[in-house]
Amino acid sequence: MLFTARYVLPVTSPHISDGAVLVRDDRIVEIGSREDLVARHPDEPVTDFGLAALLPGFVDLHTHLEYTAFRGLVNDLPYTRWKLQVVEREQVLDDRDWQDSAMLGALETLRSGITTIADITSSGASARAAVAAGLRGVIYREVSTMRKAEVPDVMSRAAEDMAAWLAAADPSLIRVGLAPHAPYSCHPELYRAVAVEAAAHSVPVSTHLAGSRDEYDFVKYGSTSFAVDFEDPTRWADVGWLPTGVSPVRYLLQWGFFDAPGIVAVHCVQVDEEDIDVLAGRGVAVAYCARCNAKLGMGVAPLKSFMSRGMTVGIGTDSPASNATMDFFDEMRFGMMLQRALSGEAGFLSAEHFVRMATIGGAKALGMDAEIGSLEPGKQADLVAVALSHSHQIPTQDPYSALVFTANQENVLMTMVAGRVMFEGGEWATLDPAEIKDRVEPIRVKLRG
Ligand SMILES: [Zn+2]
């Protein structure tokens, strides 16, 4: 099948005007000008998207599909109080609720042109939703305990879940990993255990790190509401916590966490230059979650410092629980505007840079850039078509600017994963939006209490 559009954006090479992509089975076979490819493959069926961009599917480097039903529940609280509300309210949900919530997330993911997710889940609902939607992804089993004695048990239960999730998935699309939740909810021995396991078996790893100021103060000074309000709902009121005197990044360094290969650190807002040296030196990739960090008053990640050290950075939505939508265009736009507003001319970043972060950047962070993240012959056919023809978009001149400044998830025409069209023309290949929306309503009633 030949797919043609006004703009083809391979992302790792200059864009092609009036371009075409030849897809056979699950692979990209050829990329070039429409004229050339149509002439050389006269019998190949052609799908033309017109004034649109064809580009690699987005990689959402950090999300939690199972929290989608929390959208709009806690809107106007800063991070720690938001987190406490979420922890308290989530207790009322059962397995079926988590599953339905994750399905709503999967629906929006494909709608937004996301083809690969890096999802942290404790229930496994995200893994099942990804399989149902036909998404590619790394599904991280979340682990947490502040009790050292529980670490072996937590790790063995995680191993059982990971094996079960993998057995129920297509291994060519889904990988499983481990995610210690955050420094304020994991005993350092748990971080060490994850690093040992990851190094021994090449398990992908992700963790929330250096997000809020409260987390920083908790780790370094032993203070803030994490040391007070968080103990009861997370059941470690009897565990003593002492100041460590170091930043969250250096705290995890001391405990050997960065010995794990392939770490995706989420947020990295509360970091200084020395912290960034540590992360860069250990090859840690960062998930930039600009809207979540802003909405919850966490701060702004120092993107320019990451870039100056050549670190790998991708973009994450962190789920509608913290961010309201999974619109990846909005995520790129806001993330870019924020950096420009803060840094002025000195740190000016282009729209093209953000599209690369949203695609090949995320793929590199997950160690999957040989297979996905750009349109190249031999790579997996994960591609999206995005309309650039609406009144809020024309006239277009530069496709990267048009995507980042004018597009939104409603403009996605088609989302393809491994050569399979999973979303096109407002319809999902395997998901029923009406049924999913119906199932989410009772969850909202439960959550509101
Ligand atoms: Zn998160």
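Of everything in segment 71-86 that is part of a helix (DSSP H, G or I) and more than 13 Å from the ligand (Cβ to nearest atom), the residue that is nearest to Asn293 (Cα to Cα) is Thr80.
With respect to (1) in contact with a Ser or Thr (Cβ under 6 Å, 6 or more places away or on another chain); (2) touching a residue at least 60 places away in the same chain (Cβ under 8 Å), the lone exception for Ala133 is condition (1). Looking only at residues of segment 216-231 that are of a type in the set (Phe, Trp, Tyr) and in a helix (DSSP H, G or I), we find that the one that is modelled with the lowest pLDDT is Phe226. Regarding Ser305, is this residue under 22 Å from Leu349 (Cα atoms) and among the polar types (S, T, N, Q)? In short, yes. Taking (1) under 15 Å from the mean Cα position of the chain (by Cα); (2) part of a helix (DSSP H, G or I); (3) over 29 Å from Arg213 (Cβ atoms) in turn, Thr116 satisfies each apart from (2). The single condition from (1) under 20 Å from Ala118 (Cα atoms); (2) more than 15 Å from the ligand (Cβ to nearest atom); (3) assigned to a helix (DSSP H, G or I) that Tyr251 fails is (1). Cβ-Cβ contacts under 8 Å between residues 6 or more apart (or on different chains), taken from a first residue in segment 304-321 that is farther than 28 Å from Trp82 by Cα to a second residue that is at pLDDT 95 or above and of a type in the set (D, E, K, R), are listed as Ser305/Glu273; Arg309/Asp277; Thr312/Lys364. Among the residues of segment 254-283, those that are crowded, with 18+ Cβ neighbours inside 10 Å, away from the ligand (no atom under 16 Å from the Cβ) and outside any helix (DSSP H, G or I) comprise Trp255, Ala260, Gly262, Val271. I'd like to check something: does segment 366-384 contain any residue that is over 26 Å from Tyr140 (Cα atoms), outside the structural domain of Thr47 (by TED's automatic domain parsing) and without any contact (Cβ under 8 Å) to a residue 24 or more places away in the chain? Looking through segment 366-384, none of the residues is over 26 Å from Tyr140 (Cα atoms), outside the structural domain of Thr47 (by TED's automatic domain parsing) and without any contact (Cβ under 8 Å) to a residue 24 or more places away in the chain.
For segment 44-70, taking the residues that are assigned to a strand (DSSP E or B) and β-branched (Val, Ile, Thr), the one that is farthest from Ala179 (Cα to Cα) is identified as Val46. Could you list, in sequence order, all residues of segment 390-414 that are assigned to a helix (DSSP H, G or I) and of a type outside the set (Ser, Thr, Tyr)? Within segment 390-414, Pro399, Ala402, Leu403, Val404, Phe405, Gln409, Glu410, Asn411 qualify. Pairs are defined by a Cβ separation below 6 Å, a sequence spacing of at least 6 or placement on different chains, a first member in segment 47-64 that is of a type outside the set (A, V, I, L, M, F, W, C), and a second member that is outside any loop (DSSP other than H, G, I, E, B) and at pLDDT below 95; the pairs so defined are Thr63/Ser319; His64/Ser319. Scanning segment 307-326 for residues that are charged (D, E, K, R) and crowded, with 24+ Cβ neighbours inside 10 Å yields one hit, Asp318.
Of all residue pairs spaced 6 or more apart or on separate chains, those with beta-carbon atoms under 6 Å, a first member in segment 325-351 that is basic (Lys, Arg) and a second member that is buried (at least 18 other Cβ atoms within 10 Å of the Cβ) are Arg333/Val404. Just to be sure before I move on: is Val138 part of a strand (DSSP E or B), at negative phi, touching a Lys or Arg at 6+ places or on another chain (Cβ under 9 Å) and in the same structural domain as His208 (by TED's automatic domain parsing) in the structure I sent? Yes: the conditions hold for Val138. Yes or no: segment 260-278 includes at least one residue that is more than 18 Å from the chain's Cα centre (by Cα), farther than 30 Å from Asp330 by Cβ and touching a residue at least 60 places away in the same chain (Cβ under 8 Å). Yes - at least one qualifying residue is present in segment 260-278. When segment 186-218 is filtered for residues that are polar (S, T, N, Q) and crowded, with 23+ Cβ neighbours inside 10 Å, the ones remaining, listed by number, are Ser206, Thr207, Ser212.
Taking segment 332-389 as the range and being part of a helix (DSSP H, G or I) and small (Gly, Ala, Ser) as the test, the residues that pass are Gly335, Ala341, Ser343, Gly344, Ala346, Gly347, Ala351, Ala358, Gly361, Gly362, Ala363, Ala365. A single entry from Ser401, Ser391 fulfils the requirement of being surrounded by fewer than 21 Cβ atoms within 10 Å (Cβ to Cβ), more than 30 Å from Leu93 (Cβ to Cβ) and over 24 Å from the mean Cα position of the chain (by Cα): Ser391.
Within segment 284-304, which residues are within 16 Å of the ligand (Cβ to nearest atom), assigned to a helix (DSSP H, G or I) and either farther than 26 Å from Asn75 by Cβ or out of contact with any helix residue (DSSP H, G or I) (no Cβ under 8 Å at 6 or more places or on another chain) (or both)? Within segment 284-304, just Asn293 meets the criteria.
Within segment 305-345, the set of residues being farther than 22 Å from Lys364 by Cβ, of a type in the set (A, V, I, L, M, F, W, C) and within 16 Å of the ligand (Cβ to nearest atom) comprises Ala321, Ala324. Residue by residue through segment 11-28, note down the ones that are in contact with a Gly (Cβ under 8 Å, 6 or more places away or on another chain) and either outside any loop (DSSP other than H, G, I, E, B) or crowded, with 19+ Cβ neighbours inside 10 Å (or both). Across segment 11-28, the qualifying residues are Val11, Ile16, Gly19, Ala20, Val23, Arg24, Arg27, Ile28. Taking the criterion of being in contact (Cβ under 8 Å) with a residue 60 or more places away in the chain and under 30 Å from Asp217 (Cβ atoms), the residues of segment 91-129 that qualify are Ala118, Ile120.
The values are calculated or read from the model by the stated rules, or taken from the named source; none is laboratory data. Quick caveat, the model's predicted, so the values are computed rather than measured. Note: ideal-geometry Cβ built from the backbone for every residue, glycine included; neighbour counts use all protein chains shown.
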